[in-house]
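Please read the structure below before turning to the comments.
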Amino acid sequence: MPCSLGVIGLGRMAQAIVSPLLQRGDFKAGEVLGVVAHKRSIQRVTEQLPSGVRVVSVDDPISADVWNAPIQLLAIKPQQFFAFEGIDRQGKPSKANSPPLLISVLAGIKLERLERAFPEHVCVRAVPNTPAMVGVGLTGLAGTQSLLNDQKLAVKKIFQPISEVFELPEDQLDAFLALTSSGPAYIALIAEALADGAVASGLPRLLANYLAHRTFYGTSLLLKEKDLHPGQLKDMVASPSGTTITALRHLEKVGVRSALMEAVILAAERSRDLA
């Protein structure tokens, strides 16, 4: 069966993108060819995907077929990208009405660099975040000027089942990544710290973890459903001389707000450095 979707790198994010497409029937399993770095990864990755998806290692001659697919998802680590620059890929793009579409989810690798490495492709940068793994992600998209309308629709169709999609100028993707892609790590760190505080105050560990997670979930839903500014919700909770305002005073004193702002700024700067 011809390859309709080629996937270079099949980590958790690539699996989160590909699996819903197969479950929805947008692609048949036999039309998807995935390439991984090592043979030892094939079985593990195959077990995570719907039956019938072909997965091969990069040293398998069949892997060259991935470059014949009309849509290709590049999902390797940014540090591995240099291997694709200045080399002769064995496969040749299929002869079609439009050039093949390369969708890169690599942090920091800009469109100009993608176009140099893949001159025969139309290139798109996608920045999804890890909540896409449970269908509630956020994805930022930026494409080259050669991106056709039907290709733009094809890219959106890939990410809309798992995330809300935002079309952005490329120069905004680093900030988008710093907030949405790195953000779950900040939130997880805060959740862990809050649970630790509850344990120190007398709650059992499992209960403290559960309550911290549910507090984040409920707060996020409340902000969204009631269309509240975060400051409004803070003021709703912080009563005069109460427990919350006392705690907030301490957080302001130790610079938590500033630390979180700087974390986002530093992550954005690091994304630019990767370019």
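In whole Å, what are the Cα extents of the chain along the three principal axes, biggest one first?
Per principal axis, max minus min of the Cα coordinates gives 71, 37, 32 Å.
When only the heavy atoms of the protein chains count and the probe is 1.4 Å, how do LEU223, LEU189, LEU49 rank by accessible area, highest first?
These residues rank, largest area first, as LEU189, LEU223, LEU49.
Accessible surface of SER241 in the full protein assembly, 1.4 angstrom probe, to the nearest 10 Å²?
Approximately 120 Å² for this residue.
Residue by residue through region 254-259, what is 3J(HN,Hα) from phi via Karplus (6.51 cos²θ - 1.76 cosθ + 1.60, θ = phi - 60°)? Round to whole Hz and write x for glycine and proline.
Each residue of region 254-259 in turn: 8, x, 4, 4, 5, 4 Hz.
Can you send over the solvent-accessible area of TYR217, 1.4 Å probe, protein chains only, in Å² to the nearest 10?
For TYR217, the solvent-accessible surface is approximately 130 Å².
Could you report the accessible area of PHE82 in Å², rounded to 10, computed with a 1.4 Å probe on the protein chains as they sit in the structure?
Number for this one is 140 Å².
Excluding residues on the same chain fewer than 8 positions from LYS253, give the lysines whose Cα lies under 19 Å from its Cα.
LYS234
Put a dot 7 Å past each Cα toward the Cβ at GLN79 and ASP227; how far apart are the dots in nm?
Taking the simple label geometry, ASP227 and GLN79 are separated by 4.5 nm.
Which order do CYS123, CYS3 take when ranked by solvent-accessible area (1.4 Å probe, heavy atoms of all protein chains), largest first?
Descending order: CYS3, CYS123.
Please find the FRET efficiency linking ASP59 to ASP273, where r is the Cβ-Cβ separation and R0 is fixed at 41 Å, and quote it to the nearest 0.05.
Once the sixth-power term is evaluated, E becomes 0.85.
Could you please put ARG40, ARG113 in sequence from largest to smallest accessible area, using a 1.4 Å probe?
Values: ARG40 185, ARG113 45 Å².
In descending accessible area the options line up as ARG40, ARG113.
How much of the accessible area of the chain, probe 1.4 Å, is carbon plus sulfur, in whole percent?
Carbon and sulfur together cover 58 percent of it.
Using 0.36 nm times the number of residues separating GLU262 and ALA193, minus their current alpha carbon distance, what extension gain do you get? Present the calculation step by step, with values, prior to reporting the outcome.
Numbers: separation 69, 0.36 × 69 = 24.84 nm, distance 1.87 nm.
Contour length minus the Cα-Cα distance gives 23.0 nm.
Given R₀ = 35 Å, FRET efficiency for HIS38-VAL254 by Cβ-Cβ distance, to 0.05? Let's see the in-between values first.
Details: r = 45 Å, r/R0 = 1.28.
Calculated transfer efficiency: 0.20.
Using the C-alpha atoms of region 159-275, what convex hull volume per residue, in cubic angstrom, is computed? Show your work: numbers first, answer last.
Values: hull volume 17.8 nm³, N = 117.
Taking only Cα atoms, region 159-275 has a hull volume of 152 Å³ per residue.
For the chain, what does -39500 (n - 2.57) per DSSP helix run (n ≥ 4), summed and divided by total residues, give at 222 nm, in deg cm²/dmol to the nearest 500?
When only DSSP H runs of four or more count, the value is -13500 deg cm²/dmol.
Write down the percent of antiparallel bridges among all DSSP beta bridges whose residues are both part of the chain, to the nearest 5.
Taking every DSSP beta bridge within the chain, about 15 percent pair in antiparallel fashion.
Per-residue HN-Hα couplings for region 24-40, Karplus 6.51 cos²θ - 1.76 cosθ + 1.60 at θ = phi - 60°, whole Hz, x for Gly and Pro?
Per-residue couplings from phi come out as 7, x, 5, 9, 7, 4, x, 8, 9, 10, x, 10, 10, 6, 10, 4, 5 Hz.
With +1 on the Cβ of every Lys and Arg and -1 on the Cβ of every Asp and Glu, and nothing else charged, how large is the dipole of the chain about its Cα centre, in debye rounded to the nearest 20? Please report the intermediate quantities before stating the final value.
Working: 28 positive and 26 negative charges, 97 e Å.
My answer is approximately 460 debye.
Which whole-number value in Å² is the accessible area per residue of the chain, probe 1.4 Å?
Accessible area per residue: 58 Å².
The values are calculated or read from the model by the stated rules, or taken from the named source; none is laboratory data. Quick caveat, the model's predicted, so the values are computed rather than measured. Methodologically, a virtual Cβ is constructed for each residue, glycine included, from the backbone with ideal geometry; neighbour enumeration extends over all protein chains shown. Accessible surface areas use protein heavy atoms only, side chains included; no ligands, DNA or RNA. Shrake-Rupley method; radii C 1.70, N 1.55, O 1.52, S 1.80 Å.
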